[in-house]
Amino acid sequence: MDVKRHVNVQRVDPQAWPHGTPVEKAEDPDLGTALIPAERYFSPEFMALEWEHVWTKVWLLGGRSDDMPEPGDYICTEIGKESVLIVRQPDLSLRAFYNVCLHRGNRLRPEGFGNVESFRCLYHHWNYGLDGCIDHIPDLDTFPQGAPPAGRIPALPCGEWGGFVWFSLNPDVEPLLTYLDPMPQHLGPYHFERMVWARDITVEWDCNWKASVDAFNETYHVQGIHPQLKWYLDDINVQIDVYDRHNRYLIPFATVSPRVDLPSAIPPAIDEIMRKAGMDPAEYEGRVSDIRVDVQKFMRANGKRFGKDYSDLNDDQLTDDYHYQIFPNVSLNAHADDLMLFRQRPHATDPNKMYYDIWMFELRPEGEEKESDKPYRRPRHQLFKHGDKSIGQVLDQDAFNLPTVQKGMHSAAFEGLWIGSQEFRLRHFHKVIEDYVYGGRGSKQSGEKK
């Protein structure tokens, strides 16, 4: 069956928003058709290579700027075997350093966020300033070697972009905006800094972190795992763009998949899209195939009335999912009224496990918090293992297969991933990993093979 039949998806004219999110199709590089080796998903040796050549070389997402507006505010985040403190300084700049006491290796703070005047180790009360420098060592005269010669915990690069804080374990890492390019241009028009926390969850999954990245970087699985979404989005006419390190796809929402016949009535999922936009589906007299464009027109005409500023977004962004992957481990479902951000983190020792962070943000109408009797409060962070709680129908469906995918990777009959064109982002993702692991990318000798 030709699944691209009776297509009614219109794309934005690139000239309409010349300074907004680029919409042009990027040229596809030739990445070949080779298998992606299964060993990458369970081999301790490859896990070690990733740590040495990827995780310790790139920029990583640390947290939300909203969580640290004042001097002494900090975020403690973990990646693999390391724990990092990112701290707001008295001049409101950021500093980052390893979360470890130089005396006996005790961690100074648990994962999370808070506010301090200094960091005191709870073991022997060594004290560190907000910049990681040693302030006080009890009974220093009993150390014949004196204080540690550097006088501080090793510092790490850190920075802010998009309402988020970032850090790197690589002291020689390139500037943050250079690393993120072209993401600031693509995602800046969404103004994530205007959005507020809605959900903060970490789930431990029994799979390699790359299996999770793979699961969210293609729409080929919609017909199998998410059959209900065929009456919500077009999983066929998807624009895939790969850049230097990062990639994206643009998927039309508020429409139906070419895999199904056009319904005579408005599907419940599209009904919900219309209601969230402020439309009354009961009064809609157009065709189902016209709803996507009519929702865009309605939001464009009524955004200001609802306290929403959509002026930097193109029409398609008012309905569609602009889905980005920031290498190596950040997936963003960017929408006009919300952001679904997922951070996939490797387990410290086991390549068959990972941590899946679910961060949801919502665009609140301007002035809503000032007028509300119940001002915004950050949601409580939840941590649990897969299966203990639901994380929502769609995400539960995504998570369901991942443990069995991980088990299947170990089979003697499975040599590697057999990737099709709908999974082009996966092939690009693994090409970037190869560039770091085998090509020395991110090191001072970027052309040297290691």
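The values are calculated or read from the model by the stated rules, or taken from the named source; none is laboratory data. For clarity, every value in this text was computed on a predicted model and none was experimentally measured. Neighbour counts are summed over all protein chains in view; Cβ atoms, including those assigned to glycine, are modelled from backbone coordinates with ideal geometry.
Here are some notes:
- Only residues that are over 19 Å from the mean Cα position of the chain (by Cα) and under 24 Å from D200 (Cα atoms) were counted across region 48-81, and they come to 8.
- When we screen E39, E24 for residues that are in a loop (DSSP other than H, G, I, E, B) and either free of Cβ contacts under 8 Å to residues at least 60 places away in the same chain or surrounded by fewer than 21 Cβ atoms within 10 Å (Cβ to Cβ) (or both), the only hit is E24.
- The helices (runs of 4 or more DSSP H) found entirely in region 204-278 that carry 1 or more residues being within 27 Å of T404 (Cα to Cα) and in contact (Cβ under 8 Å) with a residue 40 or more places away in the chain are 209-215, 222-225.
- Any hit, region 397-410, residues being basic (K, R), assigned by TED's automatic domain parsing to the domain that holds N333 and assigned to a strand (DSSP E or B): no
- Criterion violated by A399 - all others in (1) under 30 Å from E52 (Cβ atoms); (2) of a type in the set (G, A, S); (3) surrounded by fewer than 17 Cβ atoms within 10 Å (Cβ to Cβ) satisfied: (3)
- Some residue of region 325-335 being among the small types (G, A, S), assigned to a loop (DSSP other than H, G, I, E, B) and assigned by TED's automatic domain parsing to the domain that holds D398: no
- Selection from region 304-325 of residues that are in contact (Cβ under 8 Å) with a residue 12 or more places away in the chain, out of contact with any helix residue (DSSP H, G or I) (no Cβ under 6 Å at 6 or more places or on another chain) and not aromatic (F, W, Y): G307, K308, D309, N314, D316, Q317, D320, D321, H323, Q325
- Candidate set: region 149-159, residues that are in contact with a Phe, Trp or Tyr (Cβ under 7 Å, 6 or more places away or on another chain) and of a type outside the set (G, A, S); chosen: the one surrounded by the fewest Cβ atoms within 10 Å (Cβ to Cβ): P154
- Note on region 102-112: residues that are touching a residue at least 40 places away in the same chain (Cβ under 8 Å), in a loop (DSSP other than H, G, I, E, B) and within 30 Å of W359 (Cα to Cα) total 0.
- Test: R275 is crowded, with 19+ Cβ neighbours inside 10 Å and at pLDDT 95 or above: no
- Failed criterion for F97 (all others in (1) in a loop (DSSP other than H, G, I, E, B); (2) crowded, with 17+ Cβ neighbours inside 10 Å hold): (1)
- Strands (runs of 3 or more DSSP E) completely within region 113-184 that count 1 or more residues being hydrophobic (A, V, I, L, M, F, W, C) and without any contact (Cβ under 8 Å) to a residue 24 or more places away in the chain: 158-161
- Taking the numbered list (1) crowded, with 16+ Cβ neighbours inside 10 Å; (2) hydroxyl-bearing (S, T, Y); (3) over 24 Å from P44 (Cα atoms) in turn, S390 passes all entries but (1).
- Being in contact with a Gly (Cβ under 9 Å, 6 or more places away or on another chain), farther than 30 Å from Q185 by Cα and not in a strand (DSSP E or B) holds for only one residue in A34, A48, and it is A34.
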